[in-house]
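First up is the structure itself, then whatever we jot down about it.
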Amino acid sequence: MKEEFKVISKFIEEKSRVLDVGCGDGILMEFLSKNKVVDIRGLEISKEKVKKCLSKGLAVIEGDAENDLKQFPDLSFDYVILSQTLQAFMNPEKVIENLLRVGKKVIVTIPNFGHWKVRLDLLFKGEMPITKNLPYEWYNTPNLHMCTIQDFYNFCNNKGIKIFKTISLNGQKTSKITPTNLKYKNLISELGIFLLEK
Amino acid sequence: MSNLNKLNSVLIKKTLKLDCGKEISNFPIAYETYGNLNENKDNAILIFHALTGDQYASGINPVTNKEGWWNYAVGPGKPFDTDKFFIICANVIGGCMGSYGPGSIDPLTNKPLGTSFPVITINDMVNAQYNLLDYFKIEKLFAVAGGSMGGMQVLQFVSNFPNKAKVALPIACTASHSAQNIAFNELGRQAIMSDSNWKEGLYNEKSSNPDKGLAVARMAAHITYLSKQGLQEKFGRNLQERSDLKFGFDADFQIESYLRYQGSVFVDRFDANSYLYITRAMDYFDLTKQFGGNLSKAFKDTKTKFFIISFTSDWLYPTSENKDIVIALNAIGADVGFVEIKTDKGHDSFLLDVPDFLSTIKNYLNTTYSNINERRI
């Protein structure tokens with residue numbers, strides 16, 4: 001998902017400290033290192049992926065965002081990134097709280113469960129939707145807490161979390177999400193990318 | 001140990017003030033090197049050995065005629081690639097492979113120092129080895145690395161000399177020796193000291209060593225280096241060259257025979273007093289306490305890039321203790337990578353053929369070396 005990385009990269013200012021939570025095999029970390037002067041760290045739960053990151057010389061630690069974020073001091077990063085991982089946590093609410101504690105700004109990417117294809121799948125097939133971004137069956141999915149762009153938007157508002165920018169991603173196309181086009185963007189976006197602050 | 005006088009050794013003239021308050025000077029550090037120092041002098045790696053290691057990390061150890069203790073990791077094409085890096089490894093002070101230790105001859109009595117050798121610490125070992133940088137005229141090391149007690153030396157080195165190594169690899173170690181580890185070390189020391197040949201440390205090396213005590217110490221320690229699962233899979237309840245139990249106290253089981261063998265070969269290459277001194281240095285190691293209970297402060301000035309590794313089945317220096325170091329480094333925003341390698345080989349994993357461990361280090365060192373040294377131009 002190169003487009004997603006480009007949007008994230010645009011959010012991030014030069015010479016900032018960045019933490020990529022759930023950094024996988026470090027592709028976003030590499031992308032950001034190439035495009036920006038950033039001091040970037042990663043946290044990843046899979047041993048295999050951590051080994052890949054370390055093999056590339058990336059500063060990644062093996063750990064789990066639900067338990068290991070607490071070791072990072074308050075506001076110790078300029079940006080904390082959570083790319084398409086929120087839905088996999090036992091307690092997404094707590095994770096978001098911790099991200100906002102550790103990072104001055106937080107970038108969260110949401111695979112949108114409100115996309116029209118997802119809605120149609122459920123409406124006409126009566127089956128749990130399987131899409132490009134959500135390729136699992138209901139019984140083996142690691143995604144415990146799916147949400148829509150609208151849901152996450154509401155969540156932030158209810159929690160008093162400031163939303164700086166929201167970008168919709170649909171295929172290669174990016175566009176801004178605003179309060180007035182939210183209902184529509186929630187229907188056509190595959191991903192929602194949020195820039196947040198406490 | 002008759003080949004000792006043929007070892008590479010440098011006489012340190014500078015006075016070193018030890019933690020115990022005593023001062024030493026004109027003392028030898030025995031070392032070995034592998035590979036070549038390049039023109040920029042930016043490819044040097046100082047490797048620290050563990051409790052019973054020595055300067056022979058690779059190749060054939062000329063004293064034991066066996067392979068070096070880190071042969072899987074150090075050599076041409078290996079993770080610490082001697083085609084690329086200049087590897088220095090020294091025998092710690094307190095050791096028995098040519099560096100200043102309890103076996104060194106006291107010029108006043110012409111006899112081994114024995115227990116009149118001062119009690120040394122990990123800090124003393126590191127400060128003594130630091131002199132090698134001057135000796136080789138190396139301004140800054142590419143890396144410092146070591147497992148177990150070697151890892152403790154890595155931590156102490158970066159803390160003492162925050163600007164002297166670009167990369168630090170502390171492996172399967174701790175910042176603070178645990179009660180359990182002190183307990184096991186005490187068991188070993190008591191085994192040695194209760195051997196009637198020990199004679200308050202004044203035994204005569206040629207005739208009567210406290211070999212029995214030292215062998216028992218090694219046997220006990222050896223168990224702590226392995227995992228329960230590893231032992232069970234390797235030995236189970238297999239019998240040693242017999243079809244039935246013999247109803248006696250010979251080695252009926254293979255595991256007994258194995259441990260006895262480990263004890264017997266160890267006494268041929270290691271000195272009992274050195275074992276006492278080095279285990280004591282490990283027990284005294286508490287970097288957290290050195291910095292008033294805040295381990296982060298030990299590293300506050302460092303720009304060194306850390307890569308910390310632990311092993312799932314290591315119960316002697318468990319992942320939790322290695323993670324404490326990671327946490328302390330993250331608390332000050334240091335550059336740190338960490339992975340726990342899955343293996344059933346226990347604490348000894350760092351010395352053995354554990355492909356995941358070896359390949360990750362190899363890639364990490366190669367990439368980091370080119371990131372730091374080549375892109376700079």
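The values are calculated or read from the model by the stated rules, or taken from the named source; none is laboratory data. Not measured: the values here are computed from a predicted model. Neighbour counts run over all protein chains shown; Cβ positions are idealised from the backbone, glycine included.
If you take the residues of the range B:171-193 that are crowded, with 19+ Cβ neighbours inside 10 Å and among the polar types (S, T, N, Q), which of them is nearest to the chain's Cα centre (by Cα)?
Result: B:Thr174.
Looking only at residues that are out of contact with any Phe, Trp or Tyr (no Cβ under 7 Å at 6 or more places or on another chain), in a helix (DSSP H, G or I) and within 7 Å of chain B (Cβ to nearest Cβ) in the range A:44-73, which one is surrounded by the fewest Cβ atoms within 10 Å (Cβ to Cβ)?
Checked the range A:44-73; the qualifying residue surrounded by the fewest Cβ atoms within 10 Å (Cβ to Cβ) is A:Lys47.
May I ask you to verify whether B:Phe350 is facing chain A (nearest Cβ under 9 Å), touching a residue at least 40 places away in the same chain (Cβ under 8 Å) and within 21 Å of B:Met149 (Cα to Cα)?
no
Got a sec? Which of B:Gln232, B:Gln156 is assigned to a helix (DSSP H, G or I) and outside the structural domain of B:Ala328 (by TED's automatic domain parsing)?
B:Gln232
Each row is one residue, and each column tells you yes or no for (1) closer than 26 Å to B:Trp198 by Cβ; (2) assigned to a loop (DSSP other than H, G, I, E, B).
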site	(1), (2)
B:Leu46	no, no
B:Lys84	no, yes
B:Met97	yes, yes
B:Tyr100	yes, yes
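Identify, please: which residue in the range A:147-198 is crowded, with 16+ Cβ neighbours inside 10 Å and among the small types (Gly, Ala, Ser) and is, among those, nearest to the chain's Cα centre (by Cα)?
A:Gly192
Let's see how each residue does on (1) over 20 Å from A:Lys49 (Cα atoms); (2) more than 8 Å from chain A (Cβ to nearest Cβ); (3) under 18 Å from the mean Cα position of the chain (by Cα); (4) not hydrophobic (A, V, I, L, M, F, W, C):
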{"position": "B:Ser310", "(1), (2), (3), (4)": "no, yes, yes, yes"}
{"position": "B:Glu321", "(1), (2), (3), (4)": "yes, yes, yes, yes"}
{"position": "B:Phe357", "(1), (2), (3), (4)": "no, yes, yes, no"}
{"position": "B:Thr360", "(1), (2), (3), (4)": "no, no, no, yes"}
{"position": "B:Asn363", "(1), (2), (3), (4)": "no, no, no, yes"}
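Examine the range A:131-151 for a residue that is part of a helix (DSSP H, G or I) and not β-branched (Val, Ile, Thr), and state whether such a residue exists.
Yes: the range A:131-151 contains one or more residues that are part of a helix (DSSP H, G or I) and not β-branched (Val, Ile, Thr).
Out of the residues in the range B:8-62 meeting the condition of being out of contact with any strand residue (DSSP E or B) (no Cβ under 9 Å at 6 or more places or on another chain) and hydrophobic (A, V, I, L, M, F, W, C), tell me which one is surrounded by the fewest Cβ atoms within 10 Å (Cβ to Cβ).
Only one residue fits best here, namely B:Cys20.
Just checking, which of B:Asn131, B:Asn123, B:Asn127, B:Asn61 is modelled with pLDDT under 95 and in the same structural domain as B:Asp19 (by TED's automatic domain parsing)?
Being modelled with pLDDT under 95 and in the same structural domain as B:Asp19 (by TED's automatic domain parsing) holds for just one of B:Asn131, B:Asn123, B:Asn127, B:Asn61, which is B:Asn61.
Within the range B:132-153, can you find the residues that are charged (D, E, K, R) and in a loop (DSSP other than H, G, I, E, B)? Give the derivation first.
Here is the first cut: in the range B:132-153, the ones charged (D, E, K, R) are B:134, B:137, B:139-140.
B:Lys137, B:Glu139, B:Lys140 - these are the residues of the range B:132-153 that are charged (D, E, K, R) and in a loop (DSSP other than H, G, I, E, B).
For the condition in contact (Cβ under 8 Å) with a residue 60 or more places away in the chain and surrounded by fewer than 23 Cβ atoms within 10 Å (Cβ to Cβ), what is the one hit in B:Asn110, B:Asn123?
Numbers: B:Asn110 fails: in contact (Cβ under 8 Å) with a residue 60 or more places away in the chain.
Answer to the check: B:Asn123.
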